Each structure stands twice: as structure tokens, then as C-alpha cells.
Amino acid sequence: MALYQLTSSRSFDGPVLVICLEGWIDAGLGAGTAIASIIGNRPTEQVARWDADELIDHRARRPVLHISDGVATTITWPEVQLLAAADDNGRDLLLLTGPEPDMRWHAFSASVIDLARAFGVRLAVGLGAFPAPVPHTRPVHLVSTAPTSQWANDVGYVAGEIDVPAGIQAVLERELNAAGIAALGIWARVPHYVVSMPYPAAAAALVEGLARIGDLTLVSLELHDAAARTRARIDELIANSEEHKTMVAQLEAQADQESRSGPLGPPGRPLPSGDEIAAELERFLRGEGAQ
């Protein structure tokens, strides 16, 4: 039985494949919000879908039962799918969305490569966001997981070496590159004290980074508007605490030093964990701390 099913016979002109699968690190919902913005701002068409029973552990990612006045109406199953779209100038896009597979990563990667070859993908870009000791008062910086130093230098990178658990997007990036299809990941660095709430500035940075890297036109005005509103609310909370203002000032000094010194490295001195301010921000953004 095939792992996926083609649902459209259309052709493409050198599309960019955007990969954003739920289940791995996505601080501030940066990647999820970015892909939702891309999908929400243009028509899409499903061109392929994967057999969820072959990829998903339904006890870990349960389907949603819809109940109306005690009547079970429908069940919505998690689905991995490939959508077709176009940027604001009509250039082709393919969007790989849905939950990160729980099983058969090798087979899934091979199937994505098959589709990328069949559709003539010219570049694949994975989206992600991770917590970092950075302030909300500075622009969101992107870093990359890239196959070459040229890509890393172009996008940005974190200096040094580290071993971390890999998500399926990292596997896809390596396998696509090995198959001769250029692929990289771009990651937004999200202030560590806002990672558990939506941070639209990260999504805006990812959309703009994708547009620049992929030579695309993707307008993200609504993300910038949302980012400005979020920034104002965070500023209001920070202003009410000397401790929080001190922490942000320390982060600002470090960020400014980084911008002068080149590649992003580990912090030069210990910084607060941000747990307390994160909890206060969550209460504040829910309206519990409003005056």
C-alpha cells in the first residue's frame, strides 16, 4: 500500500517547498503562526495526503470528536498533507503541513523526496522557533540549520557545537540535500519569557526570511500589526516591575553586543530563567492583570 495518495494532477514551475510539521519545538507558536498566515492569505489546493494510520499514533494525537447537543456529529482526524499555493506574484509554493509523523520516518522522508522530484522543487525551507535569551525590544533574528557554510552565513547561525534531539524537519533537510534538492531550516529566536504564548514577531520574521531566501513575495502586514499589539502589552507589564526592567535591559545589552560581534554565541553571563515573568505575562495577556 502506498504511503501517500496524489489528489491533484496539476504541474508546477520550480516551486519552493515550505515544511512546517507540528510536534517539535515551536516557541511562541512562531512557525505555526507563519504557516497559518501563508495559508490564510491565499487560495490553496491539496495535491497529496499521507495515510495517517501508517504515520500517526492516534493515542498520542487523538482525533477530535465534534458533539452538538449530545449528538456525535463528526470526527476530525490528524492529517499530513501537501498543499499547493502561490506567492503574491504568482510563484509556485508547496506547503507540507500537519503533525510530525510518529513512525516510519525513513519511508516518509523517501516519499517527500519522490514528490519533490516529481514537482520540480527548487528549494525546501523548514520553519521553526526556539527559546533564546533575547529581549522582546529588539528585532527577531533568524538562525539556520543549513547544508553549507554559505547558507549559514547568509541566514545566520549559532556559534559552537551542540548535540540536540532532531525533529523530522531536520531529517527531511538532510535527505533532500542528499538527493540533490537544496534544503535548509530557518529558526526564529524567541524571548525565553514569552515562549508559552503567541509571539507574532517571530512569525513575521520567518515569513520575511522565507521570502528572502526563496525569492518570493509574501506580505505579512497582519503579523506586524499583531506583533505591535503584543509588544505594547508586554511593554506595559515590564514597565510595572523594576526586576523585569532590569532583566530586559541585561538582555538588550547582550543582544547589542551580539549584533556588533557577528555570529551568535552562548550568553556571556548567567541570565534569569524567565519563569516568573512568563507566568505573569500569561496572566496579563489573559486580562487577569489588567487594571
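The values are calculated or read from the model by the stated rules, or taken from the named source; none is laboratory data. The shown structure was predicted, so the numbers you read here are calculated from the model rather than taken from an experiment. Virtual Cβ from ideal backbone geometry, glycine too; neighbours counted across all protein chains shown.
Structure above, values below:
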item: Every residue from segment 180-211 that is part of a helix (DSSP H, G or I), surrounded by 21 or more Cβ atoms within 10 Å (Cβ to Cβ) and not small (Gly, Ala, Ser); result: Pro200, Leu206, Val207, Leu210
item: Test for Val134: is it under 23 Å from Leu29 (Cα atoms) and over 16 Å from the mean Cα position of the chain (by Cα); result: yes
item: Residue check for Phe108: among the aromatic types (Phe, Trp, Tyr), crowded, with 17+ Cβ neighbours inside 10 Å and modelled with pLDDT under 95; result: no
item: Long-range neighbours under 7 Å by Cβ, at least six apart or interchain, first residue under 16 Å from Gly98 (Cα atoms) within segment 1-12, second of a type outside the set (D, E, K, R) and at pLDDT below 90; result: none
item: Looking only at segment 1-52, and only at residues there that are of a type in the set (D, E, K, R) and outside any strand (DSSP E or B), the one that is nearest to the chain's Cα centre (by Cα); result: Arg42
item: Residue within segment 212-229 that is assigned to a strand (DSSP E or B) and surrounded by 20 or more Cβ atoms within 10 Å (Cβ to Cβ) present; result: no
item: Residues of segment 101-118 satisfying the condition of being in contact (Cβ under 8 Å) with a residue 40 or more places away in the chain and either assigned to a helix (DSSP H, G or I) or in contact with a Lys or Arg (Cβ under 9 Å, 6 or more places away or on another chain) (or both); result: Asp102, Trp105, Ala107, Phe108, Ser109, Ala110, Ser111, Val112, Ile113, Leu115, Ala116, Arg117
item: Residue that is farthest from the chain's Cα centre (by Cα) [pool: residues in segment 59-105 that are among the β-branched types (Val, Ile, Thr) and buried (at least 17 other Cβ atoms within 10 Å of the Cβ)]; result: Val80
item: Residue check, Val47 within 19 Å of Leu96 (Cα to Cα), in contact with a Lys or Arg (Cβ under 9 Å, 6 or more places away or on another chain) and buried (at least 17 other Cβ atoms within 10 Å of the Cβ); result: yes
item: Selection within segment 185-215 - at pLDDT 90 or above and over 17 Å from the mean Cα position of the chain (by Cα); result: Asp215
item: Any pair with Cβ under 8 angstrom, 6 or more apart, that starts in segment 147-169 at a residue that is farther than 19 Å from Ile181 by Cα and ends at one that is surrounded by 18 or more Cβ atoms within 10 Å (Cβ to Cβ) and of a type in the set (Ser, Thr, Tyr); result: Gly156/Ser144; Tyr157/Ser144
item: All positions within segment 47-84 that are among the hydroxyl-bearing types (Ser, Thr, Tyr), touching a strand residue (DSSP E or B) at 6+ places or on another chain (Cβ under 8 Å) and without any contact (Cβ under 8 Å) to a residue 12 or more places away in the chain; result: Thr73, Thr74
item: Single residue of Glu236, Glu252 found to be within 25 Å of the chain's Cα centre (by Cα) and surrounded by fewer than 19 Cβ atoms within 10 Å (Cβ to Cβ); result: Glu252
item: Answer residue from segment 162-179, given it is assigned to a loop (DSSP other than H, G, I, E, B) and not charged (D, E, K, R) and is farthest from Ile25 (Cα to Cα) among those; result: Ala179
item: Test: residue in segment 128-136 that is within 18 Å of Val171 (Cα to Cα) and not hydrophobic (A, V, I, L, M, F, W, C); result: yes
item: Answer residue from segment 123-159, given it is of a type in the set (S, T, N, Q) and crowded, with 20+ Cβ neighbours inside 10 Å and is nearest to Asp215 (Cα to Cα) among those; result: Ser144
